[in-house]
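**Student:** Please find one structure pasted underneath; my questions will follow.
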2 protein chains.
Amino acid sequence: MPNTETRDAVLDVAQDLLQTRGLNAFSFRDVAERVRIKAASIHYYFPTKAELCRALIARQRADVKVSLDRIDSDERDANQKLARYVSVFRATLEVGNRMCLCGMLAADVTTLDRSVVEDLRRSFEDHEGWLKGVLDEGKKSGSLRFDASPRDEARLLLSSLEGAMLIARTFEDLRRFETSARHLLAKLKA
Amino acid sequence: MPNTETRDAVLDVAQDLLQTRGLNAFSFRDVAERVRIKAASIHYYFPTKAELCRALIARQRADVKVSLDRIDSDERDANQKLARYVSVFRATLEVGNRMCLCGMLAADVTTLDRSVVEDLRRSFEDHEGWLKGVLDEGKKSGSLRFDASPRDEARLLLSSLEGAMLIARTFEDLRRFETSARHLLAKLKA
DNA sequence: GTCTATAAGATGATAGAC
DNA sequence: GTCTATCATCTTATAGAC
């Protein structure tokens, strides 16, 4: 079996560099140095940068699923679920002023292989699908209020959070994100 | 005097590549080939990539000022002003599925020189300042309605539009942007 | 202003030793 | 699994001819 420890370390470092600098601003050598192996060794786990990307998205989707499942089991009120959801984004920004993994890949989308773009879209759709469910349920239970369809409202919320991260990061100002997120949730509250 | 024609052509091509691929995914050679000069010649106009960046932002800020001034002189209603403002973003996406220049640089922010980051922030502040004015005036005249401060609401609107571009671009789906933008404006309308 | 030539280093990727 | 060695190519940038 492959050495999962090294493989995970490579993914951890690559993810951090990707979220911090962007896909085209870090190299296999950058990753290797931090993992303290040689660049060539990374190719043993991930033959190409595209495969590294796919693995990052796959792991991220699994991690997100765990987070969303936990929110679903912990919270019953839609407002609380959304607040917890937002806190996932804030945590990303909080540690090292990182951009969302998918948001960063979205910026680099034209430089990605076709198959990576497809995975990236599925990842966004994971978020949108969950948000749609929460919004739908919140509207029906009377705890949320909005005029668009749950689908459109979910898309708008995700987009707005991504944009809020992008700009808060530019100003290195976490409070910018927090303020935007607070207003976004307030607008949805019944 | 320097050859303004070539200089402008370099800026045009660099801007397109930047908005399409991102700062770290195009080279002086890429620009040179499209302008049909040699890469070394670009250094005559822009000694470093950072200076090219600064020039792009400076030109963009001037262009945006012209656009916003025109909106101000053409439209009196705040809702109309915002609709025109949104159409500037849509036009960018419409032609070649391009990301906003500043939004793209924001993704690459950690790889930018300090001085470029400062210019980038000023560019965002230009937008936010204008939006704040429109929102303030719209609220006072009774044509707009929102709960946050004009400043926070302006920041949120700009963030949301950037995020909507980012994700619409990922799906190569202009209508995603249009739908999000429509709902954003509807939420503000009194 | 634009070119050729060149530097000095980085990049993704592969072959083959250990 | 990890390494060294190597490849072919690209990158930003500079020097100096034309």
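**Student:** Which members of the stretch A:100-119 meet the condition of being free of Cβ contacts under 8 Å to residues at least 12 places away in the same chain and either buried (at least 20 other Cβ atoms within 10 Å of the Cβ) or within 19 Å of the chain's Cα centre (by Cα) (or both)?
**Tutor:** Once the filter is applied, which keeps residues that are free of Cβ contacts under 8 Å to residues at least 12 places away in the same chain and either buried (at least 20 other Cβ atoms within 10 Å of the Cβ) or within 19 Å of the chain's Cα centre (by Cα) (or both), the stretch A:100-119 yields A:VAL109, A:THR110, A:VAL117, A:GLU118.
**Student:** Looking only at the stretch B:22-35, decide whether some residue is surrounded by fewer than 20 Cβ atoms within 10 Å (Cβ to Cβ), closer than 30 Å to B:HIS183 by Cβ, in contact (Cβ under 8 Å) with a residue 60 or more places away in the chain and not basic (Lys, Arg).
**Tutor:** No, that holds for no residue.
**Student:** Considering only residues that are hydrophobic (A, V, I, L, M, F, W, C) and without any contact (Cβ under 8 Å) to a residue 40 or more places away in the chain, which ones fall in the stretch B:87-99?
**Tutor:** B:VAL88, B:ALA91, B:VAL95
**Student:** May I ask you to say which residue of A:ALA78, A:ALA58 is in contact (Cβ under 8 Å) with a residue 40 or more places away in the chain and touching a strand residue (DSSP E or B) at 6+ places or on another chain (Cβ under 9 Å)?
**Tutor:** Numbers: A:ALA58 fails: touching a strand residue (DSSP E or B) at 6+ places or on another chain (Cβ under 9 Å).
Only one candidate passes the filter, namely A:ALA78.
**Student:** Looking at the structure I just gave you, is B:ILE37 aliphatic (A, V, I, L, M) and within 16 Å of DNA strand C (Cβ to nearest atom)? Can you show your working first?
**Tutor:** Values: aliphatic (A, V, I, L, M): yes; within 16 Å of DNA strand C (Cβ to nearest atom): yes.
Yes: the conditions hold for B:ILE37.
**Student:** Which one of these does B:VAL88 not meet: (1) of a type in the set (A, V, I, L, M); (2) closer than 28 Å to B:LYS140 by Cβ; (3) outside the structural domain of B:LEU156 (by TED's automatic domain parsing)?
**Tutor:** Here B:VAL88 meets the rest and fails (3).
**Student:** Turning to a different aspect of this structure: Given the criteria under 18 Å from A:LEU135 (Cβ atoms), surrounded by fewer than 19 Cβ atoms within 10 Å (Cβ to Cβ) and not hydrophobic (A, V, I, L, M, F, W, C), does A:ASP77 qualify?
**Tutor:** Considered against the rule, which asks whether it is under 18 Å from A:LEU135 (Cβ atoms), surrounded by fewer than 19 Cβ atoms within 10 Å (Cβ to Cβ) and not hydrophobic (A, V, I, L, M, F, W, C), A:ASP77 comes out as yes.
**Student:** Just checking, which of A:LEU144, A:LEU185, A:LEU166 is more than 7 Å from chain B (Cβ to nearest Cβ), in contact with an Asp or Glu (Cβ under 9 Å, 6 or more places away or on another chain) and in contact (Cβ under 8 Å) with a residue 12 or more places away in the chain?
**Tutor:** A:LEU144
**Student:** Here is a follow-up. Does the stretch A:100-113 hold any residues that are outside any helix (DSSP H, G or I) and closer than 16 Å to A:PHE177 by Cα, and which are they?
**Tutor:** Selection gives A:CYS100 alone.
**Student:** Working only within the stretch B:40-60, note down all residues that are more than 8 Å from DNA strand C (Cβ to nearest atom) and either in contact with a Gly (Cβ under 7 Å, 6 or more places away or on another chain) or of a type in the set (Ser, Thr, Tyr) (or both). I'd like the intermediate steps shown before the answer.
**Tutor:** To start, the set of residues in the stretch B:40-60 that are more than 8 Å from DNA strand C (Cβ to nearest atom) comprises B:42, B:46-60.
B:THR48, the sole residue that qualifies.
**Student:** On the given criteria, is A:GLU51 charged (D, E, K, R), out of contact with any Lys or Arg (no Cβ under 7 Å at 6 or more places or on another chain) and either touching a residue at least 12 places away in the same chain (Cβ under 8 Å) or surrounded by 14 or more Cβ atoms within 10 Å (Cβ to Cβ) (or both)? Walk me through it before giving the result.
**Tutor:** Numbers: charged (D, E, K, R): yes; out of contact with any Lys or Arg (no Cβ under 7 Å at 6 or more places or on another chain): yes; either touching a residue at least 12 places away in the same chain (Cβ under 8 Å) or surrounded by 14 or more Cβ atoms within 10 Å (Cβ to Cβ) (or both): yes.
Yes, satisfied.
Listed here are the residues, each with its yes/no results for (1) part of a helix (DSSP H, G or I); (2) within 17 Å of the chain's Cα centre (by Cα); (3) modelled with pLDDT under 95.
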| site | (1), (2), (3) |
| --- | --- |
| A:ARG98 | no, yes, no |
| A:ARG121 | yes, yes, no |
| A:VAL134 | yes, no, no |
| A:GLU137 | yes, no, no |
| A:LYS140 | yes, no, no |
| A:PHE146 | no, no, no |
| A:SER160 | yes, yes, no |
| A:LEU166 | yes, yes, no |
| A:HIS183 | yes, no, no |
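**Student:** Continuing with this model, one more query. Return the residue satisfying two criteria in turn: it lies in the stretch B:169-182 and is at the interface with another protein chain (Cβ under 7 Å from one of its Cβ atoms) and in contact (Cβ under 8 Å) with a residue 12 or more places away in the chain, and of such residues it is surrounded by the fewest Cβ atoms within 10 Å (Cβ to Cβ).
**Tutor:** Going through the qualifying residues, I end up with B:ARG176.
The values are calculated or read from the model by the stated rules, or taken from the named source; none is laboratory data. Please read all numbers here as calculations on a predicted model, not as lab measurements. So basically every Cβ, Gly included, is an ideal-geometry build from the backbone, and we count neighbours across all protein chains shown.
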